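Some notes on the structure that comes next.
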Amino acid sequence: MSTERLADPAELAEQERTLVLPRFTNDDAWRLGCLLVGLARERGAAVTVDIRRGGQQLFHCALEGTSPDNDAWLDRKARVVLRYGTSSLAVGERFRAKGTTFEEASRLDPARYAAHGGAFPLRVAGVGVVGVVAVSGLPQVEDHALVVAALTGFLA
């Protein structure tokens, strides 16, 4: 794995500071998921979208061109968000900033955890992280950007 930086840590922190939800209901998960699927279709992106709150999967959609591997990636990236409370891309960047990789230095099973972009915390104001929205199918920075675009649109 490369230790080359993929994203600006200040930009990632700003995204997490600003993309905070006033609440997050099952209906919100449906709307956010449909927004993500719509953006992916507009971009011709073959992705799988997953939204979870607590231990419950609230939304899941696999577009044409995806496979069960995408589901495995979603699970691994979501575990990173829930463990660290920040986006999977930001976690990977923290390790790269130290000149190492998540896989080499985290001491976590890489079959269960992946600090690759595409999973983002669902943070509710005054509550904290309540779940995860994740995308798999594109290069990791593009997966992350798709989620950020959807959350930005959702909050607009």
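None of the figures in this text is laboratory data; all of them are computed from the coordinates on show. Note that the structure is predicted; figures quoted are calculated from it, not measured. With ideal geometry, Cβ positions are generated from the backbone for all residues, glycine too; neighbour counts draw on all protein chains shown.
Just one of [x] 8.6; [y] 11.7; [z] 9.2 is mean projected area of the Cα convex hull in nm² calculated from these coordinates, so which is it? Read-out from the structure maps to [x]. Computed packing ranks the peptides 22-28, 34-40, 112-118 as 112-118, 34-40, 22-28, most packed first, by mean other Cβ atoms within 10 Å. Subtracting the Cα-Cα distance of T25 and D109 from 0.36 nm times their residue separation leaves 27.1 nm of extension gain. Under the criterion of Cα pairs below 8 Å and six or more residues apart, the relative contact order for the chain equals 30 percent. Taking only the C-alpha atoms of the range 41-117, Rg followed by Dmax gives 13.5, 39 Å. Computed about the Cα centre, the dipole magnitude for the chain is approximately 480 debye when only Lys and Arg (+1) and Asp and Glu (-1) carry charge, each at its Cβ.
Highest average first, the peptides 98-105, 79-86 ordered by how many other beta carbon atoms sit within 10 Å of their residues are 79-86, 98-105.
Evaluating 6.51 cos²θ - 1.76 cosθ + 1.60 at θ = phi - 60° for every residue in the range 132-139, the Karplus couplings come out as 9, 10, 9, 9, 9, x, 10, x Hz, glycine and proline recorded as x. Quick check: the distance between the Cα centres of the range 45-73 and the range 89-128, to the nearest angstrom? Their Cα centres are 18 Å away from one another.
Positive-end ranking of L36, A10, A72 along the dipole of the range 1-77, with charges on Cβ about the Cα centre, is headed by L36. Look at the dipole of the chain built from charges on Cβ: of G85, T152, L63, the Cα furthest out on the positive end belongs to G85.
For the range 92-98, 3J(HN,Hα) computed residue by residue from phi via the Karplus equation (6.51, -1.76, 1.60; θ = phi - 60°) reads x, 5, 4, 5, 4, 4, 8 Hz, glycine and proline entered as x.
Extending 7 Å from Cα along the Cβ direction at T100 and again at L6 yields two label points whose distance is 1.9 nm. The 3J(HN,Hα) values that the Karplus relation (6.51, -1.76, 1.60; θ = phi - 60°) gives for the range 150-155 are, in residue order, 5, 5, 4, x, 4, 7 Hz. Gly and Pro appear as x.
Gain on full extension, evaluated as 0.36 nm per residue between C34 and V130 minus their Cα-Cα distance, stands at 32.6 nm.
Here the range 4-47 is treated with +1 on each Lys and Arg Cβ and -1 on each Asp and Glu Cβ, and its dipole about the Cα centre works out to around 200 debye.
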